[in-house]
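The values are calculated or read from the model by the stated rules, or taken from the named source; none is laboratory data. Here the structure is a predicted model, which is why all the values come from computation and not from measurement. Neighbour counts are summed over all protein chains in view; Cβ atoms, including those assigned to glycine, are modelled from backbone coordinates with ideal geometry. What goes into the accessible areas is simple: the full protein's heavy atoms, side chains included, and nothing from ligands, DNA or RNA. Shrake-Rupley method; radii C 1.70, N 1.55, O 1.52, S 1.80 Å.
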Amino acid sequence: MSRPALPPSLYAETARPAEPAPPLAGEHRAPVAIIGGGFTGLSCALHLAERGVAAVLLEAAEPGWGASGRNGGQVNPGLKPDPDQVVADHGEALGERMLALSYGAPDRVFDLVRRHGIDCAARQSGTLRAALLPAGARAAEATAAQCARRGMPVAYLDGATTTRRTGTPRYAGAMWDPRGGHLNPLSCARGLARAAAGLGARIHAGSPALSLRREGALWRIATPGGAVLAEQVVLATNGYTGDLWPGLRQSVAPVFSSIIASEPLPPALAEEVLPARSAVYESGHITVYYRLDEANRLLMGGRGPQRPIGDAAPVRYLADYAERLWPRLAGLRWTHGWNGQLAMTADHYPHLHEPAPGLLAALGYNGRGVAMATAMGHELARRLCGTAPAEIDMPFSPVRPMRFHRFWRIGVAAVVWKGRIRDAIGV
């Protein structure tokens with residue numbers, strides 16, 4: 001069975017070369033088998049390797065092939081719900097630990113990059129959550145206040161300050177968090193794979209998991225070229241989750257998020273567009289996000305067709321919106337367009353499951369996957385090494401399939417149109 005080709009994208013052209021990862025051949029034993037070579041699985045494998053546990057990681061294509069290597073490259077802190085809501089939903093003790101994990105997740109990413117010498121154009125230049133309307137600015141100010149009460153290094157920026165940071169008068173205000181930033185996600189994924197393999201993890205590309213079943217005290221995972229018998233298994237497939245475990249695929253909605261990239265901007269124009277070089281995402285119901293990369297290309301992301309794309313034409317609205325933010329970009333050439341499939345949850349929290357002894361699953365990062373999937377990989381490693389569930393910094397929950405999951409494409413389209421209407425009228 002041939003592995004899927006890497007889809008075209010700016011990252012596919014500019015990322016560091018992939019490390020050799022031959023397909024699994026024959027039958028092998030392992031203390032841990034990880035299914036999925038995105039940020040969750042790679043982070044888990046690396047953190048296990050740092051603890052002396054050599055996992056076997058099975059990836060259907062190659063590390064970073066999915067949305068981990070095709071996202072906007074933003075390393076954003078926090079969860080979708082506000083801090084006070086997280087505590088209300090999960091109780092003070094666990095809620096505060098969830099906040100420490102999620103808002104500290106970018107530091108974990110950039111620390112891994114530094115410690116393992118990962119060449120991925122990483123820049124910890126902060127994240128701006130920008131509000132389009134006064135109501136959104138008040139919400140951002142409230143969120144910033146909730147974070148500040150917990151000692152986080154965040155600040156609310158008024159409209160004038162946000163204009164200076166973004167180069168556009170579009171926003172009424174923003175929340176600033178210096179822990180965020182951005183990177184080349186495919187290079188980062190490949191660097192994590194290299195680091196994990198260097199510490200003893202065995203990574204096999206072109207090795208889709210065809211079946212998962214219990215065989216005595218072990219789990220048996222079959223691939224086209226062999227099998228792994230493992231004491232513990234991690235399902236780390238997120239937006240590309242299949243049917244290896246009943247109901248898991250139906251517990252999230254796979255949503256395509258699209259990105260377009262421009263030709264490099266002249267240095268003077270780049271300084272006008274995003275002088276702070278921060279990652280920016282809008283706080284509307286339908287999020288648009290953007291950043292400048294190391295070559296001064298402008299990357300704009302947002303919702304698009306719920307199918308794969310290979311150029312910028314299907315999401316021309318993102319280019320038009322860039323010109324609305326910065327009229328001096330009129331006539332800019334957009335050289336690349338692509339997308340990847342994220343996983344959204346009904347409650348907007350990441351989901352962590354232990355549906356059977358020795359079987360773990362983590363998925364559903366709701367557009368915050370670079371930071372949160374990396375952090376969840378660490379939590380999975382802790383659990384695999386014996387940490388009690390009550391001490392893990394995200395809650396375990398049963399696998400709950402979404403109602404009417406088979407209509408997810410229709411549902412996503414309805415949510416997008418509803419969100420755009422609400423953003424337009426400011427509610």
| From the square roots a ≥ b ≥ c of the eigenvalues of the alpha-carbon gyration tensor of the range 220-314, which class results: rounded (a/c under 1.5), prolate (a/b over b/c), or oblate? | prolate
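To the nearest µm²/s, what D does Stokes-Einstein give for the range 74-131 at 4 °C and 1.567 mPa s, using the Kirkwood radius over alpha carbon pairs as Rh? Kindly include the intermediate steps, with their values, before the conclusion.
Details: Rh = 12.8 Å.
Answer, rounded: 101 µm²/s.
For the chain, what does -39500 (n - 2.57) per DSSP helix run (n ≥ 4), summed and divided by total residues, give at 222 nm, in deg cm²/dmol to the nearest 500?
Computed mean residue ellipticity for the chain: -10000 deg cm²/dmol.
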| Label selected from (i) 1.19; (ii) 1.09; (iii) 0.94, the criterion being Cα Rg over 2.2 N^0.38 Å as computed here | (iii)
| said: Apply the a/c threshold of 1.5 to the C-alpha gyration tensor of the range 1-109 and tell me whether it is rounded, prolate or oblate. | reply: oblate
| said: Given bins 5 angstrom wide, list per bin the percent of all Cα-Cα distances in the range 1-53, short to long. | reply: 4, 12, 17, 26, 20, 11, 7, 2
| request: Would you work out the relative contact order for the chain, in percent, from Cα pairs under 8 angstrom that are 6 or more residues apart? | output: 24
| task | Using +1 at the Cβ of each Lys and Arg and -1 at the Cβ of each Asp and Glu in the range 189-343, identify which of 329, 241, 341 lies farthest towards the dipole's positive end. | result | 241
| request: Read phi for every residue in the range 295-302 and hand back ³J(HN,Hα) as whole Hz from Karplus 6.51 cos²θ - 1.76 cosθ + 1.60, θ = phi - 60°, with x for Gly and Pro. | output: 9, 6, 6, 8, 10, 10, x, x
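Which is the longest stretch in the chain that no exposed loop site breaks, taking sites as trypsin sites (Lys or Arg not before Pro) with a DSSP loop state and at most 15 other Cβ atoms within 10 Å? Walk me through the numbers on the way to the answer.
On the way: sites that count: 51, 150, 333, 403.
Between the exposed loop sites, the longest stretch runs 151-332.
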| query | Angle, helix 134-149 long axis vs. longest principal axis of the chain, Cα atoms, 0 to 90°, nearest 10? | reply | 50
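How high is the relative contact order of the range 294-343, in percent, with contacts defined as C-alpha pairs under 8 Å that are six or more residues apart?
Numbers: 34 pairs, mean separation 21.3, N = 50.
Answer for the range 294-343 is 43 percent.
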| note | Per 10 angstrom bin, beginning at 0 and ending with the bin that holds the maximum distance, the Cα pairs of the range 143-271 fall in percents of 9, 20, 25, 21, 17, 7, 0
| remark: Applying the gyration tensor rule to the Cα atoms of the range 84-169 (axes a ≥ b ≥ c; rounded if a/c under 1.5, else prolate if a/b exceeds b/c, else oblate), the class is oblate
| Accessible solvent surface per residue of the chain, calculated while the other protein chains remain in place, 1.4 angstrom probe, Å² | 39
| request: Have a look at the DSSP beta bridges in the range 231-381 and tell me what percent are antiparallel, nearest 5. | output: 90
| Taking Cα pairs under 8 Å and at least six residues apart, what relative contact order does the range 147-278 come out at, in percent? | 20
| remark: In the range 262-344, the GluC sites (Glu not before Pro) that sit in a DSSP loop and have at most 12 other Cβ atoms within 10 Å of their own Cβ are none
| DSSP bridge pairs, the chain: antiparallel proportion in percent, nearest 5 | 65
| Unpartnered cysteines of the chain (Cβ-Cβ under 4.7 Å counts as a partner)? | 44, 147, 385
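May I ask you to give the percent of accessible area on the range 45-146 that is carbon plus sulfur, with a probe radius of 1.4 Å?
Values: 1740 of 3530 Å².
Using a 1.4 Å probe with all protein chains present, the range 45-146 comes out at 49 percent carbon and sulfur.
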| query | Taking the Cα-to-Cβ direction at residue 294 and at residue 160 and moving 7 Å from each Cα, how far apart do the two end points lie in nm? | reply | 3.7
